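> The structure that follows is given in the form of C-alpha cells.
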Amino acid sequence: MCRSMAELSSVAQAETMIRQNVGDFGVDKVLLGQASGRILRQRVMAERDQPPYDRVMMDGIAIRHGDVRSFHIHGTQRAGAPVGRLVADDSCLNVTTGAILPEGSDTVVPIERLSQQNDQFSLEPGYTPEAGQFVHARASDCRTGDVLLEPGIRLNAPALAVLAANGYARVEVARSPSIGILSTGDELVPVEGPVQEWEIRRSNEQALAGALRTRGLTDIHIDWAGDDLDDTIRALEKALSVHDVLILSGGVSMGSFDYVPRALERLGVERIFHKIAQRPGKPMWFGIGRQGQRIFALPGNPVSALTCCMRYVVPSLLTAMGARTPERFTVMLDAAIPLIPTLARFVPVRLRHDARGCACVSPQPASTSGDFSHLATTDGFVELPPGEGSASAGTAAVFHGW
Ligand SMILES: Nc1nc2c(c(=O)[nH]1)N[C@H]1C(S)=C(S)[C@@H](COP(=O)(O)OP(=O)(O)OC[C@H]3O[C@@H](n4cnc5c(N)ncnc54)[C@H](O)[C@@H]3O)O[C@H]1N2
Ligand code: MOO
Ligand SMILES: [Mg+2]
C-alpha cells in the first residue's frame, strides 16, 4: 500500500512522537571510579566551603602585612598540619603551598622575594608585598550547600573532581538501557569468515553500536535474522524479552521479504509511525513494545541507518537518561546544496573553520544511501528542510556529528 507524501511524518513530527514515548530508564548508584562519561542524575552540593580554609598559594613565609621588612622565623606551617599562629608582627612562619594560613598572618611572601641570614628572613630591596597576596581566601570559590553540578550533565573530568572534592564516593547516574541491535537480511554475513560474491558483511550493527558506545551507552547486544518471517519473529521476540531498546536495521521498506513491520505487529508492538518525509531514511519505523520497549526499525541502507540513528535514536536515548538536551550546532554551508521539495535532506559534511575561525561545512553528498564507504571521511551531516531550488553557500544549517 503506497502511502501519499501527506501521510508521511515530517522530521519534526517523528521527533515529537519519539519524544512522547521515550520514558526514563531510571537511576543507578555507582562508585565514583565508574561514573566517568555517565549522565549525572542528582544535584551535587558543596560539602564545605571551598577552599575550606585560607589556603597558602606560594612556598615562602607568612607575615602580618605592615612596615616590617625583616622577620624572625619561629617555625613551619606545613600543608596538612593544624593551624599555627604568628607570635609577633616581626615574626614569620615558613609556609608551604596548600597549608592553612597561620593565625595572626594575612600575607604570603614567595621564597624568591626573600634573603635569609640564620633565622632571619628579609624582603629583597625594593620589593613591597601587597596585603593579602598569595592567599586563596576561604569560601572564595563556593560555600557549604552551594549547588555545584546539576543533573543531566555528562560526567567529564572537572565534574569528577568536584564530586571527589565534596565527598561523593558514590554517584547517582542514569541507568544505561539494555540495547539489542538486530539486522536482517540473507545477504548479510559476519565481519569475520568467508564471504560469497552475492553476500555483504554486516556493517550497520558495528556503526550503530559504535555511535552508542561513544556516548556512554554500552549495554549492547548484537543479533541477526535471515529474510524469513518466523526467524524474524523469533529473533525479535527474544530481543523484546531482554532489552529496553531495540535498534533494527533493514527489512522496513517495500520488499516482499521486508518482514520487520509484520513481525513486530505479530508480537504486539504498537506502531507509532512508519516512514518519514526525509532522505535518506524515509522507511524508518518506530514503535513501543508491550512492556514499554522502544523499537527503532531503521532502513537497511547504511547511510540511512546511521543518519536515522544519529538524528532520532541517540538524542531520544540520551533524553530518556535525563541528559540535558544535547546542543544542536548551527554551521554555515560553504557550498550550495540542492533541496527536495517534499523531503527533508540529511547531507554528509566535512567540518572546517573559515578564515574567521567560524565553523563551516563542506557538503560531501553520498552518491546513494548505500554509499557508506566515503562516510568515514565526513564529520556528520547537516539537516535541510524541504524546499525549492538550493540552500546556497552561507546558509546556516543544523549539524549532527557522527
Ligand atoms: N520499491 C521501493 N523500494 C525501496 C524503497 C521504496 O520506497 N520503494 N525504499 C528504498 C529506501 S529509501 C531504502 S532506505 C531502502 C531500505 O530498505 P530496507 O530497510 O528494507 O533495507 P533492506 O532492503 O533490508 O537493505 C537495504 C540495503 O542495505 C543493506 N544492508 C541491510 N542491512 C545491512 C547491514 N547490517 N550492514 C550493511 N548493509 C546492510 C542491504 O544489503 C541492502 O543493500 O529500501 C529502498 N527500496
Ligand atoms: O531512504 Mo533511503 O535511506 O533514501 O535510501
Ligand atoms: Mg528492503
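> If ARG271 satisfies all but one of (1) free of Cβ contacts under 8 Å to residues at least 60 places away in the same chain; (2) away from ligand 2 (no atom under 13 Å from the Cβ); (3) open to solvent by less than 10 Å² (accessible area, probe 1.4 Å); (4) assigned to a strand (DSSP E or B), what's the number of the condition it fails?
Only one criterion is unmet by ARG271, namely (3).
> Considering only residues that are farther than 21 Å from VAL303 by Cβ and charged (D, E, K, R), which ones fall in the range 187-219?
Hits for the range 187-219 are GLU192, GLU197, ASP219.
> For the condition within 16 Å of ligand 2 (Cβ to nearest atom), more than 19 Å from LEU317 (Cβ to Cβ) and open to solvent by 20 Å² or more (accessible area, probe 1.4 Å), what is the one hit in PRO190, PRO194, PRO261?
Working: PRO190 fails: within 16 Å of ligand 2 (Cβ to nearest atom); PRO194 fails: within 16 Å of ligand 2 (Cβ to nearest atom).
Among PRO190, PRO194, PRO261, only PRO261 is within 16 Å of ligand 2 (Cβ to nearest atom), more than 19 Å from LEU317 (Cβ to Cβ) and open to solvent by 20 Å² or more (accessible area, probe 1.4 Å).
> Which one of these does VAL242 not meet: (1) touching a residue at least 60 places away in the same chain (Cβ under 8 Å); (2) surrounded by 21 or more Cβ atoms within 10 Å (Cβ to Cβ)?
Evaluating VAL242 over (1) touching a residue at least 60 places away in the same chain (Cβ under 8 Å); (2) surrounded by 21 or more Cβ atoms within 10 Å (Cβ to Cβ) leaves (2) as the failure.
> Among ASP89, ASP106, ASP119, which is over 30 Å from LEU148 (Cα atoms) and surrounded by 14 or more Cβ atoms within 10 Å (Cβ to Cβ)?
ASP89
> Looking at the range 245-258, which of the residues that are more than 15 Å from ligand 2 (Cβ to nearest atom) and assigned to a loop (DSSP other than H, G, I, E, B) is most open to solvent (accessible area, probe 1.4 Å)?
Applying the first criterion (more than 15 Å from ligand 2 (Cβ to nearest atom)) to the range 245-258 yields 245-247, 256-257.
After this cut, where a residue has to be assigned to a loop (DSSP other than H, G, I, E, B) as well, the list is 256-257.
Values: SER256: 83, PHE257: 126 Å².
The residue in question is PHE257.
> Assess whether GLY132 counts as being closer than 30 Å to ARG43 by Cβ, open to solvent by less than 60 Å² (accessible area, probe 1.4 Å) and part of a loop (DSSP other than H, G, I, E, B).
No, not satisfied.
> Right, another one. Restricting attention to strands (runs of 3 or more DSSP E) lying wholly within the range 318-402, give those where 3 or more residues are of a type in the set (Gly, Ala, Ser) and away from ligand 1 (no atom under 16 Å from the Cβ).
Working: elements: 329-333, 344-353, 359-363, 380-384, 396-401.
Where strands (runs of 3 or more DSSP E) fall fully within the range 318-402 and carry at least 3 residues being of a type in the set (Gly, Ala, Ser) and away from ligand 1 (no atom under 16 Å from the Cβ), they are 396-401.
> Identify, by number, the condition in (1) within 30 Å of ILE153 (Cα to Cα); (2) open to solvent by less than 10 Å² (accessible area, probe 1.4 Å); (3) part of a helix (DSSP H, G or I) that PRO315 doesn't meet.
With respect to (1) within 30 Å of ILE153 (Cα to Cα); (2) open to solvent by less than 10 Å² (accessible area, probe 1.4 Å); (3) part of a helix (DSSP H, G or I), PRO315 is out only on (2).
> Any residue that is out of contact with any Phe, Trp or Tyr (no Cβ under 7 Å at 6 or more places or on another chain) and more than 14 Å from ligand 1 (Cβ to nearest atom) - is there at least one of those in the range 249-266?
yes
> Follow-up question, since we're still on this one. Is at least one residue of the range 285-305 surrounded by fewer than 15 Cβ atoms within 10 Å (Cβ to Cβ) and more than 25 Å from PRO177 (Cα to Cα)?
Taking every residue of the range 285-305 in turn, none turns out to be surrounded by fewer than 15 Cβ atoms within 10 Å (Cβ to Cβ) and more than 25 Å from PRO177 (Cα to Cα).
> A further question on this structure: Restricting to the range 285-304, name every residue that is aliphatic (A, V, I, L, M) and more than 8 Å from ligand 2 (Cβ to nearest atom). First the steps, then the outcome.
Restricting attention to the range 285-304, the residues satisfying the condition of being aliphatic (A, V, I, L, M) are 288, 295, 297-298, 303.
Within the range 285-304, ILE288, ILE295, ALA297, LEU298 qualify.
> Let me ask something else about it. Only one residue in ALA359, ALA344 is under 21 Å from the mean Cα position of the chain (by Cα) and outside the structural domain of GLN206 (by TED's automatic domain parsing). Which one?
Every option except ALA359 fails the conditions.
The values are calculated or read from the model by the stated rules, or taken from the named source; none is laboratory data. What you are looking at is a predicted structure, and each value in this text was computed from that prediction instead of being measured. Note that each Cβ is placed from the backbone with ideal geometry, even for glycine, and that neighbours are counted across all protein chains shown. To get the accessible areas, we keep the full protein, side chains included, count just its heavy atoms, and leave off ligands, DNA and RNA. Shrake-Rupley method; radii C 1.70, N 1.55, O 1.52, S 1.80 Å.
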